[in-house]
2 protein chains.
Amino acid sequence: MKSCFRASRVVAVACCALLFFLTKVRPQSDPLPSWNDRAAKQSIVEFIDKVTKSGSPDFVPPADRIATFDNDGTLWCEKPLYVHVEAVLARYKEQITANPKLAEQEPYKAVAAKDLGYFMKLYEDKEINTVVSDLIGVPFEGMTTEQFADWNRQWLKTWKHPRFQVGYRGLIYQPMVELVKCLKANKFKVYIFTADEAAFLRLVSEELYGIPPENVLGSSIKLKFDNSTEPTKLIRTKEANYLNNWDGKPRLIEQVIGRRPIFAAGNSNGDLQMLQYVAKQDRRWLALLVHHTDEKREHKYDKHTEEVLPAAKKGNWTIIDMAEDWKQVSLQPISTTGPGKGGG
Amino acid sequence: MKSCFRASRVVAVACCALLFFLTKVRPQSDPLPSWNDRAAKQSIVEFIDKVTKSGSPDFVPPADRIATFDNDGTLWCEKPLYVHVEAVLARYKEQITANPKLAEQEPYKAVAAKDLGYFMKLYEDKEINTVVSDLIGVPFEGMTTEQFADWNRQWLKTWKHPRFQVGYRGLIYQPMVELVKCLKANKFKVYIFTADEAAFLRLVSEELYGIPPENVLGSSIKLKFDNSTEPTKLIRTKEANYLNNWDGKPRLIEQVIGRRPIFAAGNSNGDLQMLQYVAKQDRRWLALLVHHTDEKREHKYDKHTEEVLPAAKKGNWTIIDMAEDWKQVSLQPISTTGPGKGGG
């Protein structure tokens, strides 16, 4: 057990001075090498510079440097389906195979008929409780939180992206991973606020982005505490607890962090309110919107940006043009022809 | 802007070796000086030793060292009333003074009549939505989150404990502050899970315990996102969002952290399930119960421990006998006769 010990001040100061000297004499390396030197990169560099430079009028103390990222479409590829939705569908199919009678009723019926429009309609109609229940709750009802984690870990081992033929690790955006790392190096507390179920993304967040599970917040279902056994258990119900999308994002940020971020990044209408919560505050802020303009290396689309894209333009947020701003998209080159390295 | 820079390995290793050497030759200081050398202290020291010693069969990696503390009655004095409840009552009284007609209806009526039984009955009957609404929501309805913080900060400046005549800073338990510090020094991630509104306790958690706002989770009311102005606002409704008590604690731990703690500390039935969630798991764990046995220096009571105290005894949890285990209770000696230093 380490006691609450303080090293000799003299030695500590000497070490710090040495490290400081070394940082000064070494050439500064570019923390964002996958970004082209255009307006988006410049606005990021300038923002971090201003809020971290002691004595700057825009200086923000480390404790208040909160950054929140959306996940799907912002940190990794979300097309043709969210990875999380792929997992849910696989679980539905497994259940239908074991018990074909399930396909007589929704949402199994829609899955059996490959009718994804069923889920999309619930989402677009903002049928919040049903969409959370159907997309998160129903197929995992009755599992403990540990069983849920185990099932999804197993699934993640073998799943491959249908077009790029890589596993989930091949889908992350290298430029955004660099940005997360750079913010952390500049003493930002970096969080993910995703519409995915937090319990799903937490399984891979550390590995993918260096963001620990407790900094990943998302949608959730209601749990039941069962103390009839040892160890005690948390058991999943099928009922919606929270949809972390639209205004749900700033509300959950306040509930969990209790501080307004000075940085946020998103890519769709579901991120609009989180970005609005950050944009136009009294301190220096940065709101980033990833715009999917890269048909060749990733995807090109504007669906679900009908509200957020005009807001970004009007509010002078920083729009990332994926095709123009990023030297490379993925950590491992995404091939459109042959199979990749996989994510298992 | 600091680049994502790595110092020369040689120098880093040399500095580490020097620091390591210094920690070895200096005598180890006692990290828990306010604790008498009895079973409770020994179980804490042994637990931390086992889970942090590399190579120990009970070793737990730092990322999984999660510790959760209750606040009222565990980290500071909760009698005669929670400080948080005192603030709420003050706000009710302010509203009644401004508009006496409010006293015609509940919960203002109960406050005007000094009938705290009204609130206690709601709590004991587990009327969750009403108790959260009445104790957190109603008197602050319509305020922005910033206005709520400002009002409570002002109130905290002048409030004094009715018996001890100290401000809120005089109410914290020195032995528990040492424990929090010691856990953090041993790379635990330390959280507070309180039945108080998180937005209240976050105003003082860093100052009192060195625990930042984002590590304080508690009860909450529903917020409304308002993007009609710049900056955008989160506005308080009077509706309950969450009561962080009883089974609500392990459920919120899972929702926010996503990992089962290996350490928890509480003092009342409201903490039972959080302690059960930690006790008897496959890894080494420690469940602490603060037992209020010290009429002279603090308070002596068993109300609201009818369930948790037998569970602690049966489960071999560590029971802290405040009168016997603590050399001193408070950071500043609590006087029962004269006024203290105050908390402003």
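Throughout, read-outs are computed from the coordinates displayed, never taken from laboratory work. Predicted model only: the values in this text are computed from it and were never measured. Because the Cβ atoms are built from the backbone with ideal geometry, glycine has one as well, and the counts that use them run over all protein chains shown.
Can you give the charge dipole size of the protein assembly as shown about its Cα centre, rounded to the nearest 20 debye, using +1 on the beta carbon of Lys and Arg and -1 on the beta carbon of Asp and Glu? Working shown, then result.
Values: 96 positive and 86 negative charges, 476 e Å.
Value, rounded to 20: 2280 debye.
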Original post:
Under the definition of partner shielding as Cβ atoms of other protein chains within 10 Å of a residue Cβ, what is the mean value for peptide B:248-254?
Top reply: 4
**OP:** Determine the alpha carbon to alpha carbon distance for each of B:Lys126/B:Lys184; A:Lys160/A:Lys249; A:Lys189/B:Lys181; B:Lys93/B:Lys157 and list only those over 24 Å.
**Re:** B:Lys126/B:Lys184; A:Lys160/A:Lys249
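Given a cut-off of under 8 Å on Cα pairs at least six residues apart, what relative contact order in percent is computed for chain A?
Details: 553 pairs, mean separation 81.2, N = 344.
Taking the mean separation of contacting Cα pairs over the length of chain A, I get 24 percent.
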Original post:
Counting DSSP beta bridges in chain B, what percent are antiparallel, to the nearest 5?
Top reply: 35
Subject >> Inter-label distance for A:Lys296 and B:Lys181, nm, one decimal - labels placed 7 Å from Cα along Cα-to-Cβ >> reply: 6.0
Original post:
Based on Cβ point charges of +1 for Lys and Arg and -1 for Asp and Glu, what charge dipole magnitude is obtained for segment B:32-344 about its Cα centre, in debye rounded to the nearest 20?
Top reply: 580
Original post:
What nm distances, shortest first, do you get from the label point of B:Pro80 to those in the other copies when the point sits 7 angstrom along Cα to Cβ?
Top reply: 7.0
Original post:
So which aspartates and glutamates can B:Lys187 reach, going by Cα to Cα under 14 Å and dropping same-chain residues fewer than 8 places off?
Top reply: B:Asp49, B:Asp64
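Please arrange B:Tyr191, B:Tyr277, B:Tyr118 by how many other C-beta atoms lie within 10 Å of their C-beta, fewest to most.
On the way: B:Tyr191 21, B:Tyr277 27, B:Tyr118 14.
Ordered from fewest to most neighbouring Cβ atoms within 10 Å, B:Tyr191, B:Tyr277, B:Tyr118 come out as B:Tyr118, B:Tyr191, B:Tyr277.
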**OP:** May I ask for the Kirkwood hydrodynamic radius of segment A:188-344, worked out over all distinct Cα pairs and given in angstroms to one decimal?
**Re:** 17.8
Original post:
Measuring from centroid to centroid over Cα atoms, what is the spacing of segment A:48-116 and segment A:147-210 in Å?
Top reply: 9
**OP:** Determine the calculated [θ] at 222 nm for the protein assembly as shown from helices alone, applying -39500 (n - 2.57) to every DSSP H run no shorter than 4 residues and normalising by the residue count; nearest 500 deg cm²/dmol.
**Re:** -10500 deg cm²/dmol
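Quick one: if the Förster radius is 45 Å, what FRET efficiency do A:Asp115 and B:Met120 give, using the C-beta to C-beta distance and rounding to 0.05?
Efficiency, rounded to the nearest 0.05: 0.30.
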Subject >> Within-9-Å neighbourhood charge of B:Asp271 [Cβ basis; K, R +1; D, E -1] >> reply: 0
Subject >> Inter-label distance, nm, simple model (7 Å from Cα along the C-beta direction), B:Lys238/A:Ala98 >> reply: 4.8
Original post:
What is the helix-to-structure angle for A:39-52, meaning the angle in degrees between its Cα long axis and the longest Cα principal axis of chain A, kept from 0 to 90 and rounded to the nearest 10?
Top reply: 60
Original post:
Relative to the other copies, what are the label-point distances for B:Gly55, with labels 7 Å from Cα along the C-beta vector, expressed in nm at one decimal and sorted shortest first?
Top reply: 4.9
Subject >> Within segment B:40-69, backbone nitrogen closer than 12 Å to the virtual label 7 Å beyond the Cα of B:Arg284 toward Cβ >> reply: B:43-61
Subject >> Projected-area mean, segment A:31-344, by convex hull of Cα positions, square nanometres >> reply: 17.0
Original post:
How big is the shadow of the Cα convex hull of segment A:142-256, averaged over all directions, in nm²?
Top reply: 9.1
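Counting partner chain Cβ atoms within 10 Å of every residue's Cβ in A:140-148, what's the average? All intermediate terms of the calculation are to be shown ahead of the outcome.
Working: counts 0, 0, 0, 0, 0, 5, 1, 0, 0.
Mean partner shielding for this stretch: 1.
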Original post:
Using modelled amide H (1.01 Å from N, peptide plane; none on Pro or chain starts), what sits under 5 Å from the amide H of A:Ser330, excluding residues fewer than 5 places away?
Top reply: A:Gln174
**OP:** Of all alpha-carbon pairs in the protein assembly as shown, indicate the percentage at a distance above 34 angstrom.
**Re:** 51
Original post:
Summing +1 for each Lys or Arg and -1 for each Asp or Glu, what net charge is found among the other residues whose Cβ lies under 13 Å from the Cβ of A:Ala112?
Top reply: 0
Subject >> Copy-to-copy label separations for A:Thr237, where each label sits 7 Å from Cα toward Cβ, in nm and ascending >> reply: 1.9
**OP:** Take each of the peptides A:304-313, A:75-84, average the number of other beta-carbon atoms within 10 Å over its residues, and list them starting from the highest.
**Re:** A:75-84, A:304-313
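Suppose R0 equals 60 Å; then what is the FRET efficiency for A:Glu324 and A:Gln105 from their Cβ-Cβ distance, rounded to the nearest 0.05? The partial results should precede the final answer.
Working: r = 48 Å, r/R0 = 0.79.
Efficiency for this residue pair is about 0.80.
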